[in-house]
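Engineer: To start, I am sharing the structure in question, which I have written as structure tokens.
The values are calculated or read from the model by the stated rules, or taken from the named source; none is laboratory data. Since the model is a prediction, treat every value here as computed from it, not as a measurement. Every residue, glycine as well, gets a Cβ built from its backbone with ideal geometry; the counts of neighbours run over all protein chains shown. We work out accessible area using only protein heavy atoms, side chains counted, and drop any ligands, DNA or RNA first. Shrake-Rupley method; radii C 1.70, N 1.55, O 1.52, S 1.80 Å.
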Amino acid sequence: MTADLLPLRERKKLKTRAALVDTALALFTERGFDQVTLDELCAEVEISKRTFFRNFASKEEVASAPLEALWTALLGDVEHAPLGGRPVLEVLQEAMLAAVRRMSAEGPEWVARVRLSQELSQRTPSIAAHGLQFCDRTSAAFETTLRTRLGLGDRDQRPRLALDLLVAAFHAALRGWTTGSPEPTLDGLLAELRTVFAAVPEAVTFTGDGPGRRVSRA
């Protein structure tokens, strides 16, 4: 369902969340994360702290919101994705590409938010730590979903390994996307993801032999 078709209450909530994210990212980027208080952020958006906490648990969470929204949407997709008869990693990769494409509904705003969020995370330890905690929680939820749907026991390591490969590939693509162009685009992220996904099988088996290999000398 698109935002225009949602009930008025939900549309207002989405509008407030978007205003919080955009304002927070702008203020944190301009003045520094630790220099912006929650009271100042709420005053800028003209909301109460109570309203803020209805939407986000912390300043770190609002700063991380763009990519957290993507992974949350992807988790919902995986709960219903067709499994069985195909490599699980392939299914996860296709679901990731579809989830990123859906971000086009937010227009160029999502791209700008992701870039600012990534830049803040790289220079703000508390945001980076929050991101790691979110990744751990979300990976555990993905793993539980896959184990349940595939009827796998707790000792089967394949679901978690597939997830770890997906996460590693996504972050590799994200790095290439944000550093490879002064103006990253959604299409550019999709292209970077496809390139990295295609390299995963070779990354698992490559030996380092071939052009460019450095041989150590005693």
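Engineer: When the expected Rg is taken as 2.2 N^0.38 Å, what fraction or multiple of it is the alpha-carbon Rg of the chain?
Structural biologist: 1.15
Engineer: Also, quick follow-up: Filter the trypsin sites (Lys or Arg not before Pro) in the range 154-187 to those in DSSP coil with at most 14 other Cβ atoms within 10 Å of their Cβ, and list the result.
Structural biologist: Arg155
Engineer: I'd like the carbon and sulfur percentage of the solvent accessible area for the chain, probe radius 1.4 Å, heavy atoms only, ligands and nucleic acids excluded.
Structural biologist: 54
Engineer: Per residue, how much accessible area does the chain have with a 1.4 Å probe, in Å²?
Structural biologist: Accessible area per residue, the chain: 60 Å².
Engineer: Which one of Ala24, Ala99, Leu152 is farthest out on the positive end of the charge dipole of the chain, using unit charges on Cβ (Lys, Arg +1; Asp, Glu -1) and the Cα centre as origin?
Structural biologist: Positive-most Cα among the choices belongs to Leu152.
Engineer: Output the 0 to 90 degree angle, nearest 10, between the alpha-carbon long axis of helix 65-78 and the longest principal axis computed from the alpha carbons of the chain.
Structural biologist: Once rounded, one gets 50 degrees.
Engineer: What shape does the range 98-216 have by the C-alpha gyration tensor, where a ≥ b ≥ c are the square roots of the eigenvalues, rounded means a/c under 1.5, and otherwise prolate means a/b greater than b/c and oblate the rest?
Structural biologist: Because a/c hits 1.5 or more and a/b fails to exceed b/c, the range 98-216 counts as oblate.
Engineer: For the range 4-43, what does the equivalent ellipsoid look like in terms of its semi-axes, each the square root of 5 times an eigenvalue of the Cα gyration tensor, given largest first in whole Å?
Structural biologist: 26, 10, 5
Engineer: Let me ask something else about it. Tell me, what is the percent relative contact order of the chain, built from C-alpha pairs under 8 Å that lie six or more residues apart?
Structural biologist: After rounding, I find 19 percent.
Engineer: Next up: Set Lys and Arg Cβ to +1 and Asp and Glu Cβ to -1, take the dipole of the range 1-81 about its Cα centre, and tell me which of Leu75, Ala57, Gln35 lies farthest positive.
Structural biologist: Result: Ala57.
Engineer: Follow-up question, since we're still on this one. For helix 125-150, report the angle its Cα long axis makes with the longest principal axis of the Cα atoms of the chain; keep it between 0 and 90° and round to the nearest 10°.
Structural biologist: Tilt of helix 125-150: around 60 degrees.
Engineer: Moving on. With everything on Cα atoms, drop me the angle between helix 88-102 and the longest principal axis of the chain, reported from 0 to 90° to the nearest 10.
Structural biologist: 30
Engineer: Now, a different point. Would you mind listing how long the range 102-143 runs along its three principal axes, going by Cα atoms, in whole Å with the largest first?
Structural biologist: 30, 28, 8
Engineer: Let me know the whole percent of all Cα-Cα pairs from the range 35-153 that are separated by more than 19 Å.
Structural biologist: Everything past 19 Å amounts to 57 percent.
Engineer: Could you tell me the calculated FRET efficiency between Lys13 and Leu75, based on Cβ-Cβ distance and R0 = 22 angstrom, to the nearest 0.05?
Structural biologist: According to the calculation, E is roughly 0.65.
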